[in-house]
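J.: Please see the structure below; I have some questions.
The values are calculated or read from the model by the stated rules, or taken from the named source; none is laboratory data. Here the structure is a predicted model, which means the values were calculated and not measured. All Cβ positions, glycine included, derive from the backbone under ideal geometry; neighbour counts span all protein chains shown.
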Amino acid sequence: MKEILLTELITQAKEAIKPIQHSASTIYQYGLAWDELIHFFESNGQIYFSEELANRFVQKSKDSLDNRLIKNWRYKLRRLSVLILLEVLETGNYSWRLHYSDANACLSTEMKQLHVEIYGNT
């Protein structure tokens, strides 16, 4: 995986989602999630994007959900914000997709496990 500052990757992601024409509130919500991710990275002494650390952020969010410290929508937002960053890092862009026969097919093993833990095998 190439080395990139987290803030630079977020800037690229913001550009990559522009063609989708999300509402201003959706873009604002992604920004909040990315700010939380930046804070998480900084609190772990990291300024470069790390998939492992991003997955830890999602896991911590899942733990907060399990402990009823956050709502399900916030967990989903954080998870999606990380998935957007991963796609932009891997492909240089982001494309919104309609439903798949297996909606979780593109998720990493860690993300699939989190989904199963929250929602079961549905």
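J.: Does the stretch 47-61 contain at least one residue that is among the charged types (D, E, K, R), outside any loop (DSSP other than H, G, I, E, B), out of contact with any helix residue (DSSP H, G or I) (no Cβ under 6 Å at 6 or more places or on another chain) and at pLDDT below 95?
T.: no
J.: A further question follows. Take Ala16 and decide whether it is of a type in the set (Gly, Ala, Ser), closer than 25 Å to Val116 by Cβ, touching a residue at least 12 places away in the same chain (Cβ under 8 Å) and surrounded by 12 or more Cβ atoms within 10 Å (Cβ to Cβ). Please lay out each step first, then the result.
T.: Numbers: of a type in the set (Gly, Ala, Ser): yes; closer than 25 Å to Val116 by Cβ: no; touching a residue at least 12 places away in the same chain (Cβ under 8 Å): yes; surrounded by 12 or more Cβ atoms within 10 Å (Cβ to Cβ): yes.
Here the answer is no, as Ala16 does not meet what is asked.
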